[in-house]
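Please read the structure below before turning to the comments.
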Amino acid sequence: MAKPLKVDEVWLDRIAELLDELEFGSLNIVVHEGQIVQVERTERKRYELNGTAGGRKGGPSRQDPKPRRKAEI
């Protein structure tokens, strides 16, 4: 049977701090015998092709369909 999870203010503060600093990524909390023993953070950095910050506005991505050519008259 699983032991009840023990979470104190120290762990809550650590987790909140890691989440506040995270823009893209994930936070994995490892529990052993009902206690948090480890927190793993995987962070992703996203960059524009032209070097500016913000959302992706560069050229077409792999998911974008190929541009269609206008029919010649």
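The values are calculated or read from the model by the stated rules, or taken from the named source; none is laboratory data. Predicted model, so just to flag it, every value in this text is computed and none were measured. Cβ sites come from the backbone with ideal geometry, for glycine too, and all protein chains shown count toward neighbours. With ligands, DNA and RNA removed, areas are computed over all heavy atoms of the protein, side chains included. Shrake-Rupley method; radii C 1.70, N 1.55, O 1.52, S 1.80 Å.
Worth a mention:
- Pairing each residue of the stretch 6-34 that is modelled with pLDDT under 95 with any residue that is small (Gly, Ala, Ser), provided the two are 6+ apart or on different chains, yields C-beta distances under 8 Å for LYS6/GLY34; GLY34/ALA2.
- Total residues in the stretch 21-38, condition part of a loop (DSSP other than H, G, I, E, B), open to solvent by less than 50 Å² (accessible area, probe 1.4 Å) and farther than 13 Å from LYS6 by Cα: 1
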